[in-house]
Structures are given as C-alpha cells and as structure tokens.
Amino acid sequence: MADFPTRKGIPLDYILGSLSQPGEGVTPPPADFSQIQVFVSGDAASDTRAIGLPEDLRLLVQGFVHRSRTSDRKAAPDIPASDENGDIRIALHGLHLAPEELRELRQMIRGMVRKRLPGKEATK
Amino acid sequence: VSICVATSTLDPRSIYPVIDPRRVAGSGVPFMTIGAALAWDNFVITVERAHNLSSCSMQIILETTLSEPKEIQAWNLFDNNFVDRVGSSSLGLPNSMIIQKAGRSGQSCNVGADTVILCRYFAWPRGRTALYSFSPQDFWDFWGGCAVTFNWFNDTQGNDIWGDQTPQPTYPGVRFPDFTLISNETNTGKFVVVGGAAFAADSNYLASMGLTGAAQAFTRLPSTPADGTLVREIFQGDIYVVFGGAKFLVPQVQTIDFLGIQIILPGPIAYNYNPNDVRVIPQGGTAQLRTVPFNGTLVKEQMDPRVFLADLNQLRWVTSPTVMDAQCLPWRHVRVVPDGTLANLPHGLDLT
C-alpha cells in the first residue's frame, strides 16, 4: 500500500484495484458485453421467498432478449415503461426491444414475481 | 408500491466492488480510508460513520483540484436517471449531498438513489462520460449511514483494469499480516500486529513467540483487530472473539443440545470459530479492546434470536425484522457472539 500515488501521510486501510498495468494474463473487456442486469427492490428485497428472484429475472430477461435478437422481428426504439397497475412496477432500460416485446416481457416478469411472491400480488 | 423491477443500462464493466469497512482492521466504521486505483483514475475514498445519519442515508462528498471537471451522480436505476449530483466547482455544482436509499419498503420506485456514478467531462465532442459505479446492494449495505468522501486526485495514471476485472475484496482487510513487528513511535519498543491491529510487545512475549526479526518503521495502526479475529493473551487460557472492536469471551467448553442429546464441545468449535485461528497476543493486550462494539455493529447470541444494534455505547434491541428493514440494517452484518456475553453490556431503548 505504501506505493499508492497519493498524498504522503494518509495511511490507507485498503487498496481497491491494482496499480499495475494489465498483463498478458488479464482478459481484456469483451467488445460486446451483453450481460443484462436486473435489480429488484422494495418489499421483495427483504422477503425470504425472493431469494434468487433477481437472478431468475435476469435469466428470464436475457433469454427473452436473446430470442428476440435471433428472430426476424425488427427492433424498435426502447421505451422505458413502468407498470402503474398494482404493486409490481417494472422499468425496462437498455434492452432495445419493440413496444410489443416490452409489453410481453413485462407480463412475463409480472408473472414470475407473482408466482414467487404470491402474497405480494396487487389488490385488484 | 411493493416491488420494483428494473433492468439497467449500467455497463457491468463500470461496476467496482465496495469495501466493507466492518471487516477492515479498526472496524472501518467509524473510519476507513481506501486507495482506489480504477481504470483511468485514482481516488482516496474516506468512509466515516456519520452519527446524524441513519443507515438509509449517506453523505457523498467530492474533493478534487483537477482541471478537468468531475461529477458524481446519485443514480436511480428504476428511473435510469440521477436524483442529485455533486461536481467540480467549475461546474457550479455543490461538493456535498445527502442521498437516500432507493427501493425501501413503501417508497415509490423512482425515489432515492441505488448507487453513485462517477463521471468525467472529456474534451468536446465526448463531453460528460459516466465511468465508474458500485454494486448497489453492497454500496448501501456497507456505506449506508456514512459520510463518503471521494478525493479524486489523479486522472492520468489509470491501470486500464475495469470493474468486472477487479478482484473481489479479501477479508479481513489488514495492512500487515499477523505477527509483523512495527517499531513504536520513539523507536524504543515494538508492536506486534494481530488482526491488523498493533499490540505493544514486551521482550518476554517476543522471546517466547520467537519473534526476533527486525521491526518495520513506525506507522500508526488501529488498536482493534478486524471482525472475527480470535485472540488469547500469552499464558492465559481465555479466548476472545472480536466484533466491532469489542471482545467477547468464548467459553472453554460449550454444551449443545443435538436431537435431545447433550454434547460437550470446545467453545470455539461450538461457535464455528476455528481454534487454529486463535492468535496469541502480549499480556494485557485485551485491555485495548472495547467492551461495547463500535456504533452500528449488529450482534446476537447464538441461541437467542434477538438482534441488537450498538448505538452510542449501548445495545438496542431491534425488535422485529420490519424494524431491521425500516432502519436499512443489513442482516449480513449480524455477528454471532457466544451466549451470555451480551447480558452484562449496557442496554438502551428498544428500536421499534
């Protein structure tokens, strides 16, 4: 830690990252990084039944997007959308799906959340 | 609103690990200083416990004198936008902001921040560019309730290593390995490092332990070891486990009930502590350990479901999981201490 190029006199408790340049053993960042991230928050985050739900949703979205991109359906500009009806709100950013695909995906996400967290279903 | 689901446009390469100050020697909270060598920039990040903030809030401060403007955005993933920001003085932005945790129970999805995004203002035509972020869950779990200062002091000596290539932190976070010798400030004596903390070592201890090597030059080290350190004073049988800088006596033996059968086990094994990890420290060394853990430490006894929060040198019972969530207290921070060790500590008002 002593060689961290900072002002003298600041003792560091931890170094995040490395000062060295990447060597041959470091894999360069992939040019087309397509892993999709899904975040779940609100009541679901603290519900023990929701363990693994973000990962399952990520796989669901990733699979849907992959199928969409390998089909002949023409992608439309992404329209971030949220579900104003009920307790499940969904915002889909950066997926570059057609509006009808986004609607379909939102329904699938809502279905998975309701299946995993039946008590969280919206009061209709 | 109960559940918020959002896909993110954050580039996974930009997301860096968050260091848990509770698992760094000195117990980080209330204080931890990190050197952060990111892809194109270097930072010193200081994390200090802010007693006026709950774990649902965080103060973000930007310090920089670099000529190229910098900006830190408080980012809401659901809205895919910033809710607040700080920046270089040349941008006319404040250098400090208080942010609230997004996604809390009963809170609208587009309220609060999930993480922060660190941006640079490159020359035209590139302009403002988001470069670095932090894992949202860890960001709030580890730094919630703290004042976090980003000293952005270098933008020309990066390592070209992005977040997804950065190794995950290793714990305990210590500056020197166990049994390193450090000279004292006047160079008239030595400290021995255990769990990242310095203990004054007398000649008898050094001789008995076979620590005859040269000592490194003086540097100020924490007085309390990292969480989970097991210590025993030389020639004493009592073993202590350290959490939040405080010592908890581990019984020599512990009787546990296993399917109706009483089983007697060595104390450390009964509590899932590895006896081989017990470190021998100089005589009187446990005196420098705290009695009540640092503020913000969560503890429970193994056989008692009650979780207590250390707050202003008292333990406060967190009366329900709902209170845990409402106070943004992460379950992952709950430390299990030997049974009976919390009874004699001062207790304050329950958290309801």
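The values are calculated or read from the model by the stated rules, or taken from the named source; none is laboratory data. As the structure is a computational prediction, the values presented were derived from the model and not from experiment. With ideal geometry, Cβ positions are generated from the backbone for all residues, glycine too; neighbour counts draw on all protein chains shown. Heads up: the accessible areas ignore ligands, DNA and RNA and are worked out on the full protein's heavy atoms, side chains in. Shrake-Rupley method; radii C 1.70, N 1.55, O 1.52, S 1.80 Å.
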Hey, can you tell me all the residues within segment A:14-58 that are at pLDDT below 60, closer than 30 Å to B:Ile3 by Cα and more than 9 Å from chain B (Cβ to nearest Cβ)?
-> A:Ser34
Those residues of segment B:138-168 which are at the interface with chain A (Cβ under 10 Å from one of its Cβ atoms) and open to solvent by 30 Å² or more (accessible area, probe 1.4 Å) amount to B:Phe153, B:Gln157, B:Asp160, B:Trp162, B:Asp164, B:Gln165, B:Pro167
Note on segment B:218-234: residues modelled with pLDDT under 95 and surrounded by fewer than 19 Cβ atoms within 10 Å (Cβ to Cβ) are B:Phe218, B:Thr219, B:Arg220, B:Ser223, B:Gly228
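Would you please name the residue that is nearest to B:Arg306 (Cα to Cα), looking only at residues in segment B:328-345 that are in a loop (DSSP other than H, G, I, E, B) and open to solvent by 60 Å² or more (accessible area, probe 1.4 Å)?
B:Ala343
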Looking at segment B:72-101, which of its residues are open to solvent by less than 10 Å² (accessible area, probe 1.4 Å) and touching a residue at least 60 places away in the same chain (Cβ under 8 Å)?
-> B:Ile72, B:Leu77
Of the residues B:Ala36, B:Ala6, which is facing chain A (nearest Cβ under 7 Å), under 24 Å from B:Ser108 (Cα atoms) and either open to solvent by less than 30 Å² (accessible area, probe 1.4 Å) or not in a strand (DSSP E or B) (or both)?
-> B:Ala6
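Regarding segment B:120-129, can at least one residue be identified that is of a type in the set (A, V, I, L, M, F, W, C) and either under 26 Å from A:Glu55 (Cα atoms) or surrounded by 18 or more Cβ atoms within 10 Å (Cβ to Cβ) (or both)?
no
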Among (1) more than 27 Å from B:Leu315 (Cβ to Cβ); (2) touching a residue at least 12 places away in the same chain (Cβ under 8 Å); (3) open to solvent by 40 Å² or more (accessible area, probe 1.4 Å), B:Ala201 falls short only on (3)
Can you name the residue in segment B:84-109 that is within 14 Å of chain A (Cβ to nearest Cβ) and not in a loop (DSSP other than H, G, I, E, B) and, of all such residues, is farthest from B:Cys328 (Cα to Cα)?
-> B:Gln100
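Please indicate, with yes or no, whether at least one residue in segment B:20-29 is assigned to a strand (DSSP E or B) and either more than 10 Å from chain A (Cβ to nearest Cβ) or of a type outside the set (Val, Ile, Thr) (or both).
Within segment B:20-29 (the criterion being assigned to a strand (DSSP E or B) and either more than 10 Å from chain A (Cβ to nearest Cβ) or of a type outside the set (Val, Ile, Thr) (or both)), the answer is no, since none of the residues qualifies.
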Can you pull out the residues in segment B:252-310 that are open to solvent by less than 20 Å² (accessible area, probe 1.4 Å), of a type in the set (Gly, Ala, Ser) and assigned to a loop (DSSP other than H, G, I, E, B)?
-> B:Gly296
